[in-house]
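**Student:** The structure that follows is given in the form of structure tokens.
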Amino acid sequence: MSTTAPTGEPERVNPLARASARVRDVVDRLAAGSPARLALGVFVVAIALFTLLLALPISSRSGTFTSLQDAMFTAVSAVCVTGLTVVSTATHWTFFGQLVILIAIFVGGLGILTLASVLSLAVTKRLGVRGKLLAQQSMNTAASGKLGEVGSLLRIVISTSVTIQAFLTLWLSIRFWIIGEDLWQGLWHGVFYAISSYNNAGFTPHSDGLVPYETDPWLLTPLMLGVFLGSLGFPVMMVLIKHRFHGRAWNLHTKLTIVVSLILVVGGALAWGLSEWENRATIGAMSVRDKLLHALFASIMTRSGGFNLVDQDQMHPATMVFTDALMFAGGGSASTAGGIKVTTIAVMFLAILAEARGTAQIQAFGRRIPESTMRVAIAVTAMGASLVMAGTIALMAIDPEASLDHVVFETISAFATVGLSTGLSGELPPAGKYVLIALMFLGRVGTITFATALSLRHRRQLYTYPEERPIIG
């Protein structure tokens, strides 16, 4: 629509400004009406954009277009911070292609809900009530009830993430320089591994991965630190920043996340080490120190990190089974990790414990856990198991020659956005790759968030039925 200038001549409206205003109006309506759908839409748009960029000849070392399924698989794997690949990150992609992957990892690591909230904040200059509730759901801060603090909290989340990744970059770059890499190569590898580790992505710019550094604790330690911190989640990081190590001041979510995470790290390291101790195809021929280092590294990476030092196909069958379990468990809520989350595991275990003791309430650390939380935990676990089962059946139908243990391993790795692979991903036909793409997307978006995004409204039931208990067991 044109306006009239003081001279009487119609004033021309900048087409770019008009388009920007239209986009602003659309985002504003989505943010106000359905912020969950806005979050889902942002995620889909990001994947489409990165797929397009990776498909361009400038992204490929061969100078030709990359196939749609390979470009999309890589884009989804990066945005969903998974790490599964169908082409070599080091040899297939140019520096531009690797940079696109790195940006996709960084964007995906911020989280779909946080990213959508930031976009809404930038476009509307403020977060509406429903937008703030969405951001609280993303960072698990609803318990605080302080809607006015969400905008500033988002800025703290981003600044904290950038600070940690900058610290990891410095540490890793110095180590790469010490072991002989030149200035720019060492810096690039430091940046790449810092972002990839903190965001639990598992991408590596080296053609042979981390194998050349499998006995270097000065390089592996910052990677483990980055993955562990990233897997705790933003709510836990905020509590640690505010209260440090004063455990009594921690909320229940922080206590459960840290306790269960440490149990899984220690227990996973012991189980992995004992299972692979004599396996000469993995760590059997190494020194005791290197075996312990490998066991700890594998335990941390299995829960969503995605980096590996040994061939997953050479592990003992028992190792693969509990690796499946650790991958399915994942990391903390509102974190860069995937899986059904450690707090879900904690709530399920506490419910079983309460039932075994005959207590009516689920309790932990002097707090009572509401039944609604238990229902969410059951729903998340059931949805996750259903997706893994459906993905396994689909892949077995597409590739009947594949072994069941490899298919289950790959399916859980995709759903839990871990990135560990037996090599099956690169061998699958296009249909199989699209199945893994769907699993990575659903695993990152989250089963509950995905259901919320597709729902127009919460329905409130104004009546109740008579109670009757069926026989269980």
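**Student:** Can you pull out the trypsin sites (Lys or Arg not before Pro) in region 189-251 that DSSP calls coil and that have at most 12 other Cβ atoms within 10 Å?
**Tutor:** R244
**Student:** Please arrange E214, E355, E401 by counting, for each residue, the other beta carbons lying within 10 Å of its beta carbon, fewest first.
**Tutor:** Going from sparsest to densest Cβ surroundings: E401, E355, E214.
**Student:** Can I ask one more? Compare the peptides 273-280, 434-441 by average per-residue count of other Cβ atoms within 10 angstrom and give them in order, highest first.
**Tutor:** Ranking the peptides 273-280, 434-441 by packing returns 434-441, 273-280.
**Student:** How large is ³J(HN,Hα), in whole Hz, for each residue of region 371-379 in order, when computed from phi with the Karplus curve 6.51 cos²θ - 1.76 cosθ + 1.60 and θ = phi - 60°, using x for Gly and Pro?
**Tutor:** Karplus values, whole Hz, x for Gly and Pro: 5, 4, 5, 4, 5, 5, 4, 5, 5.
**Student:** Within a Cβ distance under 15 Å of G306, other residues only, what is the Lys/Arg minus Asp/Glu net charge?
**Tutor:** Taking every Cβ under 15 Å from that of G306, the sum is -1.
**Student:** Follow-up question, since we're still on this one. What does the charge count around G338 come to, taking other residues whose C-beta lies under 12 Å from its C-beta (Lys +1, Arg +1, Asp -1, Glu -1)?
**Tutor:** Cβ neighbours under 12 Å give a net charge of +3.
**Student:** Which order do M315, M383 fall in if you start with the one that has the fewest other Cβ atoms within 10 Å?
**Tutor:** The fewest-first ordering by Cβ neighbours comes to M383, M315.
**Student:** Can you put S333, S207 in order, fewest other beta carbons within 10 Å first?
**Tutor:** In order of increasing Cβ crowding within 10 Å: S207, S333.
**Student:** What does the highest-first list of 285-294, 178-187 look like by mean Cβ count within 10 Å?
**Tutor:** Packing proxy ranking, top to bottom: 285-294, 178-187.
**Student:** Here's another thing I want to ask about it. Tell me the net charge near F322. Cut-off is 13 Å between Cβ atoms, F322 excluded, with +1 for each Lys or Arg and -1 for each Asp or Glu.
**Tutor:** -2
Just so you know, all these numbers are worked out from the coordinates, no wet-lab data involved. No experiment lies behind these values; they were computed from the predicted model shown. Reconstructed Cβ throughout: ideal geometry from the backbone, glycine too, with neighbour counts over all protein chains shown.
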